[in-house]
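Undergrad: Have a look at this one before I ask anything.
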Amino acid sequence: MADLNGRIGGITQGYDVHADWNGERLSGRIGGRFEGKDIHLTLRAGDVDGRIGGTFAGFDADGDVTPERVDVRLGGRIDGDDVRLTIRGGQVEGRFSGRIDGKDVNLRVDAGRLHGRIGGVVEGKDVNLELGGVPVEVAALAAVCAYKALEDEQASSSAAASSSTTG
């Protein structure tokens with residue numbers, strides 16, 4: 001059993017990531033006990049599917065994952081985001097959520113760590129994960145799932161704060 005552990009985002013606005021990998025299934029938690037989501041991803045013969053979060057407050061993951069690329073849809077067909085990553089020589093690069101409204105993914109692998117940034121300098125989030133034997137492509141997908149969960153939570157909190165101040 002391999003372990004994926006680390007953090008997405010900063011100290012005050014970020015999520016911890018703790019998950020176990022058994023060679024086919026990544027299971028664990030993004031965020032804390034109360035604020036956060038469970039993560040369950042199953043990878044069989046290059047096909048990944050799973051769920052991040054619960055039945056109502058969560059999103060599906062479905063697509064293709066190989067040691068060279070990640071091509072996955074997070075969420076539904078209409079209200080979802082594409083993840084397209086290329087993995088080459090210790091670099092994981094690509095895009096999350098589309099060409100125009102999306103975010104860049106720039107991650108590096110060294111010394112058993114996956115680190116870098118998702119999003120830009122101002123509105124992006126840092127990634128710092130200990131791979132612990134988890135394949136890079138699975139860890140990169142988990143990092144993007146954590147990023148989406150954190151962004152969704154921040155958007156929800158922002159909308160709630162905005163509606164309470166306008167009433």
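Undergrad: Of the residues in the stretch 30-50, how many are open to solvent by less than 60 Å² (accessible area, probe 1.4 Å) and free of Cβ contacts under 8 Å to residues at least 60 places away in the same chain?
TA: Qualifying residue count for the region: 4.
Undergrad: Counting just the residues of the stretch 97-143 that are surrounded by 16 or more Cβ atoms within 10 Å (Cβ to Cβ) and on the phi > 0 side of the Ramachandran plot, which one comes out farthest from the chain's Cα centre (by Cα)?
TA: Gly132
Undergrad: Another question, then. Name the residue, out of Gly53, Gly63, that is within 13 Å of the chain's Cα centre (by Cα) and surrounded by 13 or more Cβ atoms within 10 Å (Cβ to Cβ).
TA: Within the list Gly53, Gly63, the selection yields Gly53.
Undergrad: Further, regarding this structure: Report, ordered by the first and then the second residue, all pairs with beta carbons closer than 8 Å, sequence separation of six or more or different chains, a first member in the stretch 75-90 that is part of a strand (DSSP E or B), and a second member that is at pLDDT below 90 and of a type in the set (A, V, I, L, M, F, W, C).
TA: Cβ pairs passing all conditions: none.
Undergrad: Could I ask something else about it? Can you confirm whether Gly76 is open to solvent by 70 Å² or more (accessible area, probe 1.4 Å), more than 27 Å from Ile11 (Cβ to Cβ) and either out of contact with any Asp or Glu (no Cβ under 8 Å at 6 or more places or on another chain) or not hydroxyl-bearing (Ser, Thr, Tyr) (or both)?
TA: no
The values are calculated or read from the model by the stated rules, or taken from the named source; none is laboratory data. Source: prediction; values computed, not measured. Virtual Cβ from ideal backbone geometry, glycine too; neighbours counted across all protein chains shown. Note: areas computed on protein heavy atoms with side chains; ligands, DNA, RNA excluded. Shrake-Rupley method; radii C 1.70, N 1.55, O 1.52, S 1.80 Å.
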